[in-house]
Amino acid sequence: MASNSGVQVKFRRVLAIPVLMATAALTLTACGSGDAESGTVVRIGTTDKDKAWDVFEEKAKEQGITLKITNFSDYQQPNAALSQKQIDVNLFQHLQFLGQYNVASSDTLTPIGSTYIVPLGLYSKKHKAVADIPQGGEIAIPNDPTNQARALFVLQAAGLLKLSGTSAQPTPADIDKGASKVKVTPVDAAQTALSLASVDGSVINNTFLERSGIDPHSALYKDDPKNPAAEPYINVIVTRAEDKTNPTYLKLVEIWKDPAVAAAHAEVTKNTAVAVTRPGAELEQILDRVQQGIRANR
């Protein structure tokens, strides 16, 4: 976004007021919404507002950006809100989730910066090791398509089930029941942690670990965020395609990498998140591959 300062030109009083008002209007509408007191306002959506976001908000304000944060109650809301211009940017999802949304909605929401990869883990209150889970045991998994597929891959890697075929987006229908040790029960992602008391294990997103007071280091098994196969699970900052070069939004990408924000996020995730630095163009390429795979499996 252009600086508010500029060459000062002397105008007659009769012209000065309209010109200044027009300049202010352009300044405040260029990057979302705002007012004269708060400066540039960016409306940003998430599902994970925690104390790291408090630091993010503070650091953004130091850069002249006031964040208007909406903490949505579920994963299905922030992309629709962005598409409908209710917010300017969102930060809550990985590329696989974004690709699923874009394909299903014929949308073009675009990643402008990477943040981190968070391992997806299997947790249990009844068993202390994967080997302890009995034949026919029940595992709860998220029911949204992208996290459900990733959860199935986690369980396959842990040796608890076998998937038939080579789908990049498997569903429970792709489970080879005869070759699998466990059965799965898809539930809303928010219910995976709450289900722990009644199942043998549950695959839980980090968001719901913190809310439920579950130590992420207690996972019986996790996928490897450093594996190249984990690229679709890079979490990203997203905006509309026409806004992907907006300098204020790109500035937020840099602010998220501020050491103070990184330290706060590490504390919240108990050092389980792995920071990722990928340029927007590279993220778009990964997203394109993800979307091609989703379309091929429809």
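I'd like the carbon and sulfur percentage of the solvent accessible area for the stretch 75-157, probe radius 1.4 Å, heavy atoms only, ligands and nucleic acids excluded.
After summing per-atom areas, the C and S share lands at 47 percent.
Can you list, largest first and rounded to whole Å, the semi-axes you get for the stretch 60-167 by taking the square root of 5 times each eigenvalue of its Cα gyration tensor?
Result for the stretch 60-167: semi-axes of 34, 18, 12 Å.
How big is the stretch 150-249 in terms of Cα radius of gyration and Dmax, in angstroms?
When restricted to Cα atoms, the stretch 150-249 yields Rg and Dmax of 16.6, 54 Å.
When only DSSP loop residues count, what trypsin sites (Lys or Arg not before Pro) in the stretch 143-246 have their Cβ near at most 13 other Cβ atoms within 10 Å?
226
Report, ordered by chain and residue number, the lysines lying within cross-link reach of residue 257, taken as a straight Cα distance under 28 Å and ignoring same-chain residues fewer than 8 apart.
Cα-Cα hits under 28 Å: 49, 51, 59, 61, 68, 85, 222, 226, 244, 270.
Could you provide, to the nearest whole Å², the per residue accessible area of the stretch 193-267 with probe 1.4 Å?
Counting only protein heavy atoms, the per-residue value for the stretch 193-267 is 44 Å².
What ranking, highest mean first, results for peptides 292-298, 51-57 when packing means the other Cβ atoms within 10 Å averaged over each residue?
Ranking, from highest mean packing down: 51-57, 292-298.
Roughly to the nearest percent, how much of the accessible area of the stretch 196-256 is carbon and sulfur, given a 1.4 Å probe?
Carbon and sulfur atoms account for 50 percent of the accessible area of the stretch 196-256.
Please report, in whole Å, how far the alpha carbons of the chain spread along each principal axis, starting with the longest.
85, 38, 28
Compute the acute angle (0 to 90°) between the alpha-carbon long axis of helix 247-256 and the principal axis of greatest extent of the alpha-carbon atoms of the chain; round to the nearest 10°.
Here the helix axis deviates by roughly 50 degrees.
Taking only Cα atoms, what is the 0 to 90° angle, nearest 10, from helix 280-296's long axis to the longest principal axis of the chain?
The angle comes out near 40 degrees.
Taking the 0 to 90 degree range and rounding to the nearest ten, how far is the long axis of helix 95-105 tilted relative to the main principal axis of the chain, both from C-alpha atoms?
The helix 95-105 is inclined about 80 degrees to the chain.
Relative contact order, percent, of the chain when contacts are C-alpha pairs under 8 Å separated by at least 6 residues?
Reported as a whole number, the value is 27 percent.
Quick one: which of 194-205, 81-92 comes out on top by average Cβ neighbours within 10 Å, and what's the full order, highest first?
Taking the mean over residues of other Cβ atoms within 10 Å, the ranking is 194-205, 81-92.
The values are calculated or read from the model by the stated rules, or taken from the named source; none is laboratory data. Predicted, not measured: the structure shown is a model, and the values here were computed from it. Note that each Cβ is placed from the backbone with ideal geometry, even for glycine, and that neighbours are counted across all protein chains shown. To get the accessible areas, we keep the full protein, side chains included, count just its heavy atoms, and leave off ligands, DNA and RNA. Shrake-Rupley method; radii C 1.70, N 1.55, O 1.52, S 1.80 Å.
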